[in-house]
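Inspection log for the structure reproduced underneath, given as structure tokens.
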């Protein structure tokens with residue numbers, strides 16, 4: 001279906017009013033808009049994030065590492081609201097792409113920045129030697145599914161999610177196109193999970209941690225309003241089995257709380273600076289001053 005009204009101009013120009021829910025923070029240029037240094041806590045790992053699906057990947061990973069006994073994975077999780085804070089000079093210095101999550105690894109003599117959620121998962125898996133096979137076919141399979149998520153999720157989020165839930169007007173062609181692709185992706189996952197317990201094989205890995213917040217969240221009905229019914233997510237039985245197994249992990253439950261600012265207040269921990277924060281959520285920990 002062709003829109004008979006809109007004709008692209010010869011040279012595109014930025015229309016600040018045309019962007020739907022996120023118009024106020026979207027822009028066609030990079031770089032900082034203001035000076036603002038990032039806070040630094042006491043732990044080796046400093047995370048700057050928000051509990052979107054991409055942000056949840058890293059907090060789940062960190063909580064899984066701690067559950068496995070890796071004390072060096074202790075971290076401070078600082079809240080970065082997507083309201084312009086992502087364009088502060090300190091955050092842009094950690095992630096020049098101005099997207100969450102961003103990690104500063106201060107465990108060595110020289111701080112190392114790591115941005116993009118997949119890169120952070122890989123960095124942490126290799127640093128601690130867990131949740132990623134060291135070599136061979138299992139490693140290749142795990143990395144394949146990790147990078148499958150990186151390439152596929154933009155069609156789910158920026159494609160289907162945007163046009164179904166956030167766009168200022170409903171466009172039939174766009175919703176149909178990205179619904180078809182999202183259901184194809186769900187079928188890819190469901191077929192894989194009919195063969196094996198986890199995406200990389202028999203063992204839980206960073207592939208599952210990467211995919212779960214997006215596709216598990218969709219399977220649970222936690223993304224994009226009533227999209228779960230619209231996409232008939234209950235029909236993907238293997239996906240549902242996998243989703244329930246991962247959602248029930250204690251580290252996953254904790255990781256999904258960190259930097260969360262929406263939903264049930266009992267499930268929110270705006271900032272995390274110590275493991276005890278999950279048990280002693282005083283008001284300043286739930287809603288720190290901005």
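For residue 238, the test of being surrounded by 23 or more Cβ atoms within 10 Å (Cβ to Cβ) and at pLDDT 95 or above is failed. When each of 136, 158, 221 is tested for being under 20 Å from the mean Cα position of the chain (by Cα), surrounded by fewer than 20 Cβ atoms within 10 Å (Cβ to Cβ) and at positive phi, the lone residue that passes is 221. Of everything in the range 88-118, what is surrounded by fewer than 14 Cβ atoms within 10 Å (Cβ to Cβ) and within 18 Å of residue 53 (Cβ to Cβ)? Give them in sequence order. Across the range 88-118, the qualifying residue is only 97. Please work out if residue 55 is under 14 Å from the mean Cα position of the chain (by Cα), more than 30 Å from residue 173 (Cβ to Cβ) and at pLDDT 95 or above. Criteria met by residue 55. From the list 187, 208, 176, which residue is more than 24 Å from residue 55 (Cα to Cα), assigned to a helix (DSSP H, G or I) and in contact (Cβ under 8 Å) with a residue 12 or more places away in the chain? Exactly one residue qualifies, and that residue is 187. Of the residues making up the range 1-46, those that are farther than 17 Å from residue 167 by Cβ and at pLDDT below 80 are 2, 4. Here the condition is being part of a helix (DSSP H, G or I), at pLDDT 95 or above, over 13 Å from residue 51 (Cα atoms) and out of contact with any helix residue (DSSP H, G or I) (no Cβ under 8 Å at 6 or more places or on another chain); of 228, 266, 245, it holds for 245 alone.
The values are calculated or read from the model by the stated rules, or taken from the named source; none is laboratory data. As the structure is a computational prediction, the values presented were derived from the model and not from experiment. For neighbour counting, all protein chains shown are included, and Cβ atoms are generated from backbone atoms with ideal geometry for every residue, glycine included.
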